[in-house]
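The values are calculated or read from the model by the stated rules, or taken from the named source; none is laboratory data. A quick note: this is a predicted structure, and the numbers were derived from the prediction, not measured. All Cβ positions, glycine included, derive from the backbone under ideal geometry; neighbour counts span all protein chains shown. Just so you know, the surface numbers come from the protein's heavy atoms only, side chains and all, with ligands and any DNA or RNA stripped out. Shrake-Rupley method; radii C 1.70, N 1.55, O 1.52, S 1.80 Å.
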Amino acid sequence: LAKISINMFLVSSISTANTLAEICEVIGANWSEIVPALKLDARIGSQAYLNPGLGIAGGNLERDLMTVKMLGEEHGTGCGVVDAWLANNSRRQDWVLKILHGAVLTEQHTPTIGVWGLAYKPETDSTKNSPALALIKVLSHCLLRVYDPAVDFGSITRPSVVQVDSALEACVMTDALVVMTPWSEFAGIDLELVRDNMSGCVIVDPYGLLDSLSCRDLGFKYFCLGLPFPEEDPFDHSS
């Protein structure tokens, strides 16, 4: 229960960040400018995990939430907050796909998309509950150029998925680039070379690994969790 309690507090932080980051995206605010204020509050603390993300990956957090839900149902205790966290998790899992749909897929039926990263987090070769693999499965009608520095993804046998040997090679003639794992090597890549290799101008970088101002100065339509959308909003918020 102690370990489960730790994970529940972590999920509450992630869910708070996701909820407020989504509001920031659509009203023109910047979540990263709000985070320092939260960390100044002693009740939250300087080490608080306040990074928005693409849902709960890796398996342990979701497993513990389901355990609490099961115990609550079995013994008649309140666990409605767990349902809310799970709902928030499901909503944010679709964030990249929603961006791609609005910025690329509505214009092109079979675009070529570069994917940086397959592991569910950096510094591991594990793909358990990986957002990247879930995205690849949904984008079955697209041509995908995929690169990860640690994951052997030979198990992906679809002819529309091509394994490449470098991040830049994954960008060649792509209409969009998505950064699905925030590997440190991606942050150091020359963005001008990325632009020169791509045929399109859409970069989806959920974790803010790349410099947003540099991306937009180079003419990219840059999307990041918690940052205002580019002027051409990919979503119709009136619906």
Taking L38 and the conditions (1) within 21 Å of the chain's Cα centre (by Cα); (2) farther than 28 Å from A134 by Cβ; (3) among the aliphatic types (A, V, I, L, M), which numbered condition does it fall short on, given that it satisfies the others? (1)
Where in region 109-181 are the strands (runs of 3 or more DSSP E), entirely inside, with at least 2 residues that are more than 15 Å from the chain's Cα centre (by Cα) and over 16 Å from L193 (Cα atoms)? 112-116, 143-147, 161-163
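What number of residues within region 95-108 satisfy the criterion of being among the hydroxyl-bearing types (S, T, Y) and either in contact with a strand residue (DSSP E or B) (Cβ under 9 Å, 6 or more places away or on another chain) or in a helix (DSSP H, G or I) (or both)? Break it down into steps so the answer makes sense when it comes.
Residues of region 95-108 that are among the hydroxyl-bearing types (S, T, Y), as a first pass: 106.
Right, trim to either in contact with a strand residue (DSSP E or B) (Cβ under 9 Å, 6 or more places away or on another chain) or in a helix (DSSP H, G or I) (or both) and you get none.
Looking only at that region, the number is 0.
Somewhere in region 192-213, is a residue more than 27 Å from I14 (Cβ to Cβ), open to solvent by 20 Å² or more (accessible area, probe 1.4 Å), assigned to a helix (DSSP H, G or I) and in contact with a Ser or Thr (Cβ under 6 Å, 6 or more places away or on another chain)? First the steps, then the outcome.
First pass over region 192-213, keeping only residues more than 27 Å from I14 (Cβ to Cβ): 192-201.
Right, trim to open to solvent by 20 Å² or more (accessible area, probe 1.4 Å) and you get 192-193, 195-197, 199-201.
After this cut, where a residue has to be assigned to a helix (DSSP H, G or I) as well, the list is 192-193, 195-197.
From the residues that got through so far, the ones that are in contact with a Ser or Thr (Cβ under 6 Å, 6 or more places away or on another chain) too are none.
Taking every residue of region 192-213 in turn, none turns out to be more than 27 Å from I14 (Cβ to Cβ), open to solvent by 20 Å² or more (accessible area, probe 1.4 Å), assigned to a helix (DSSP H, G or I) and in contact with a Ser or Thr (Cβ under 6 Å, 6 or more places away or on another chain).
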Filter region 72-85 for residues that are open to solvent by less than 60 Å² (accessible area, probe 1.4 Å) and touching a Lys or Arg at 6+ places or on another chain (Cβ under 8 Å); the one that is modelled with the highest pLDDT is V82
Qualifying residue in region 30-40 (condition: in contact (Cβ under 8 Å) with a residue 12 or more places away in the chain, in contact with a Leu (Cβ under 8 Å, 6 or more places away or on another chain), among the charged types (D, E, K, R) and surrounded by 12 or more Cβ atoms within 10 Å (Cβ to Cβ)): no
Determine which member of the set S12, S90, S5 is touching a residue at least 60 places away in the same chain (Cβ under 8 Å) and not in a loop (DSSP other than H, G, I, E, B). S12
